[in-house]
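See structure below.
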Amino acid sequence: MAYFTQQLINAITLGAIYGLIAIGYTMVYGIIGMINFAHGEVFMIGAFISLIGFMICAMLGIGSGAVAIILVLLVAMTFTAIYGWAIERTAYRPLRGSFKLAPLISAIGVSILLQNYVQLAQGARPKPGGHVVEGGFNLFSADGFDVRVTWLQIVIVVVTVVLMAGFSWLIAATPLGRQQRACEQDMKMASLLGVNVDRTISLTFVMGAALAAVAGAMFLMYYGIIDFFIGFLAGIKAFTAAVLGGIGSLPGAMLGGLLIGLIEVFWAGYFSSEYKDVAVFAILVLVLIFRPTGLLGKPEIEKV
Amino acid sequence: MGPRLQHYLKDAGLTALVAAGLAFFIVGFRTYDIGKGLTFDYQFVDLGIAVVAIFFGRLGLSLAADGHDWPALVLGAALGAVGASPIKLPSTFLHWFVGLAGLLVVLRTIWPWANRGLAAARHSPRGVPVGQAIAKWLGAGLLAVAVVMPMTPLADQKTMDLAVLILTYVMLGWGLNIVVGLAGLLDLGYVAFYAVGAYSYALLSTQFGMSFWSVLPLAGMMAASFGLLLGFPVLRLRGDYLAIVTLGFGEIIRLVLLNWVDLSNGPAGIGSIPGPTLFGAVFAETAPEGSQTFAEMMGIPFSGNQRLIFLYYIILALALVTNFFTQRIRRLPVGRAWEALREDETACKALGINPTNTKLTAFAVGAMFAGFAGSFFAAKQRFISPESFTFIESAIILAIVVLGGMGSQIGVVLAAVLLIGLPEWFRDLGAYRMVAFGLAMVLIMVFRPRGLIAHREPSVRLHPARRAPVHRKGLA
């Protein structure tokens, strides 16, 4: 029981990170119907900016956890958002109206480009860092096994919940959110009614990138080590989360992230840690085959 | 130009600002290890120079775009001169960066002139598109060069190694072209079938002592059955979902090979795989018990190059088989159904074509050729491990097909030479090679989505006399 609870706590933390990345996939897919393959790389860049941010904080003497984290999160969100904007502007926008797979191929190109750009600029070796929140407390002990919750896990879950709540409000109750939902339903009609479609799509990428940056910062703090390749696997897992939850649906992305976190952690905890990634890929394949709309998604009607 | 100049300056300033924002953390601070932990140093001078170059580069591009040729040319030449000059910039990379920015501006300026010239030259007096005629002769010429090449003095070890490598990618590109170019299915896990072929040969030869030639068809069949097995459930999916699922399959196969140590020896890989033989003769200095070496059989002195030349001809033949097969099957009903499906799936369904079965054949045929190439790869390398079958391989093969122009056979050859050959020749570029790769994929999609050699004409026409170029863009 204690072991199970511990795994559950770890799984929720991991699921929160995946959920944050998954929102970026699901929003972009919802609005322009493309898989933003480079989103995992945006997450990786967010992690790198956070790493450097924490180092600068330490240099400036801001050692205290809360201030450093808030500063780094803000900086990482801002600068990663520029990546989101620039990628959309240069690699995707010119392709609107091109053949259907063009944006995906372009996105793969962006992904390769960003990965190797970071490798060139920062080196290929794994980078340790982000140890700003230490310690934790024992929840309870049973069967000679301490169930431990770290402060970091609490920080991650709290930040994620706050961001997701704020984000749902943004989509549901602000003019920007209304414009996004309008574009999602019918881009041409929205533009006829005075919605600036290009701007709305850009902002969607900016928001997705900002959330990915938060996920990157969390990932860095949680694992304490990053390299230029983390975006690939995390990106695919988050995409799986988005598909599992129902692509295009925001609560679905959060639910999917949580489920992927649970599957990965419990598979590693009870079966074999070597095959935990296989389990996630298998889930992706199975969901796409048997329920392509995901758990909370709407069925898509094919228009001729 | 007065008020416009302000506009150009503002635009260039914004671009430079965005570039500075992008690079500020990732380039401006360089982290490195110091035994215990990390530290960083600043690279703001480099960053500043790059941003200034971007400012002037963008200015030149917008001037050129609006037809202000001379200012743009001067600006481009100035940038190029700074890049090429002996002025000490902080790094060689910056010299290249600034110089290439200048080159880009100059190219952009003369592009409209060149384009006009090309358009005039594109149609010969008889109205035959010159591009097609060139492509036809280019193919024959390249083939002749490829056949003769090993017999010329050019064929030293390094060149032959590279030629074998390029041909392997040409074959993989042709194989993937069936799936992506003809059938319009984006397969991001193509390397999985390559891996199946390679491991089939590696296991059958090291465990059961089977020879290359008897395993080759088996490896192809093995890969094709994997293609069927994996393709059957997923081919109903839409284009982009299919792409992601194939990627998932590719990774699953790699992870299984990595972790199923009893079968594949895990990350340590399989070594001492026997090479291919010619009528039982081995290509080695000394033959094992009961066989002879090629040098003994021919009565010529042994040389290490013989093996490479032999491998070269094998892969050349395999690649040509792939090409020939593709050229023929495009004209058969199934090939025509592939192309029809690529253009419009709904219309195909209405005409009674079973999309799943049709896609499945494309998938399996493509996989089969990857299997052939895989077992050749294992025989050539004599050592394989899951390391060789990562997603990036799939992406490279896809980049070759995309760059070449989806569906174009000769385009694949050119793209393979460009993407595999050039970086190998310029070894120094090694680290920048993948950056250029990614950039090329994006630029091709943005500026020339139909590839270097655009070939999206149907293979078969109802009315051969009418030559109305139909520019359809739909792929999925």
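The values are calculated or read from the model by the stated rules, or taken from the named source; none is laboratory data. This one's a predicted model, so the numbers in the text were calculated from it and none came from an experiment. Here the Cβ is made from the backbone with ideal geometry for all residues, glycine too, and neighbour counts use every protein chain on show.
Some values worked out for this structure:
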read-out: Test for residue A:154: is it at pLDDT 90 or above and either more than 30 Å from residue B:18 (Cα to Cα) or within 8 Å of another protein chain (Cβ to nearest Cβ) (or both); value: yes
read-out: Residues (within 13 Å of chain B (Cβ to nearest Cβ) and not polar (S, T, N, Q)) located in the stretch A:269-284; value: A:271, A:274, A:275, A:276, A:277, A:278, A:279, A:280, A:281, A:282, A:283, A:284
read-out: Of the criteria (1) charged (D, E, K, R); (2) within 11 Å of chain A (Cβ to nearest Cβ); (3) within 33 Å of the chain's Cα centre (by Cα), which one residue B:58 fails; value: (2)
read-out: Sole residue being surrounded by fewer than 21 Cβ atoms within 10 Å (Cβ to Cβ) and not in a loop (DSSP other than H, G, I, E, B), chosen from A:58, A:22, A:47, A:16; value: A:58
read-out: So residue A:271, is it surrounded by fewer than 18 Cβ atoms within 10 Å (Cβ to Cβ) and either hydrophobic (A, V, I, L, M, F, W, C) or within 17 Å of residue B:243 (Cα to Cα) (or both); value: yes
read-out: Candidates A:120, A:51, A:73, filtered to the one that is within 28 Å of residue B:36 (Cβ to Cβ), over 23 Å from the mean Cα position of the chain (by Cα) and among the aliphatic types (A, V, I, L, M); value: A:120
read-out: Pairs with Cβ under 8 Å, 6+ apart, first in the stretch B:10-36 and under 23 Å from residue A:213 (Cα atoms) and touching a residue at least 40 places away in the same chain (Cβ under 8 Å), second among the hydrophobic types (A, V, I, L, M, F, W, C) and assigned to a helix (DSSP H, G or I); value: B:15/B:54; B:15/B:55; B:16/B:51; B:16/B:52; B:16/B:54; B:16/B:55
read-out: The one condition in (1) closer than 25 Å to residue B:260 by Cβ; (2) surrounded by fewer than 23 Cβ atoms within 10 Å (Cβ to Cβ); (3) out of contact with any Pro (no Cβ under 7 Å at 6 or more places or on another chain) that residue A:298 fails to fulfil; value: (1)
read-out: Unmet requirement for residue B:383, which otherwise passes all of (1) more than 14 Å from chain A (Cβ to nearest Cβ); (2) buried (at least 17 other Cβ atoms within 10 Å of the Cβ); value: (2)
read-out: Every residue from the stretch B:37-52 that is under 18 Å from residue B:94 (Cα atoms) and not acidic (Asp, Glu); value: B:42, B:43, B:44, B:45, B:47, B:48, B:49, B:50, B:51, B:52
read-out: Matching option when the condition is over 23 Å from the mean Cα position of the chain (by Cα), away from chain A (no Cβ under 14 Å), part of a helix (DSSP H, G or I) and at pLDDT 90 or above, among B:202, B:198, B:224; value: B:202
read-out: Selected residue [modelled with pLDDT under 90, within 30 Å of residue A:248 (Cβ to Cβ) and not aliphatic (A, V, I, L, M)] from A:19, A:33; value: A:33
read-out: From A:35, A:31, A:23, residue being within 11 Å of another protein chain (Cβ to nearest Cβ) and farther than 30 Å from residue A:139 by Cα; value: A:35
read-out: Residue that is farthest from the other protein chains (Cβ to nearest Cβ), among those in the stretch A:104-113 that are buried (at least 24 other Cβ atoms within 10 Å of the Cβ) and not hydroxyl-bearing (Ser, Thr, Tyr); value: A:107
read-out: Meets criteria (buried (at least 24 other Cβ atoms within 10 Å of the Cβ), within 9 Å of chain B (Cβ to nearest Cβ), in contact (Cβ under 8 Å) with a residue 60 or more places away in the chain and small (Gly, Ala, Ser)) for residue A:76; value: yes
read-out: Yes/no for residue A:76 being part of a helix (DSSP H, G or I), among the small types (Gly, Ala, Ser) and under 24 Å from residue B:447 (Cβ atoms); value: no
read-out: Entirely in the stretch B:291-360, the helices (runs of 4 or more DSSP H) that have 3 or more residues that are in contact (Cβ under 8 Å) with a residue 60 or more places away in the chain and touching a Leu at 6+ places or on another chain (Cβ under 8 Å); value: B:304-329, B:333-343
read-out: From the options A:129, A:144, A:123, residue that is free of Cβ contacts under 8 Å to residues at least 24 places away in the same chain, of a type in the set (Gly, Ala, Ser) and at the interface with chain B (Cβ under 8 Å from one of its Cβ atoms); value: A:123
read-out: Check on residue B:256, at pLDDT below 85, within 28 Å of the chain's Cα centre (by Cα) and either surrounded by 18 or more Cβ atoms within 10 Å (Cβ to Cβ) or within 14 Å of chain A (Cβ to nearest Cβ) (or both); value: no
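Quick grid of which residues meet (1) assigned to a helix (DSSP H, G or I); (2) crowded, with 19+ Cβ neighbours inside 10 Å; (3) not aromatic (Phe, Trp, Tyr):
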residue: B:57; (1), (2), (3): yes, yes, yes
residue: B:74; (1), (2), (3): yes, no, yes
residue: B:90; (1), (2), (3): no, no, yes
residue: B:113; (1), (2), (3): yes, no, no
residue: B:120; (1), (2), (3): yes, no, yes
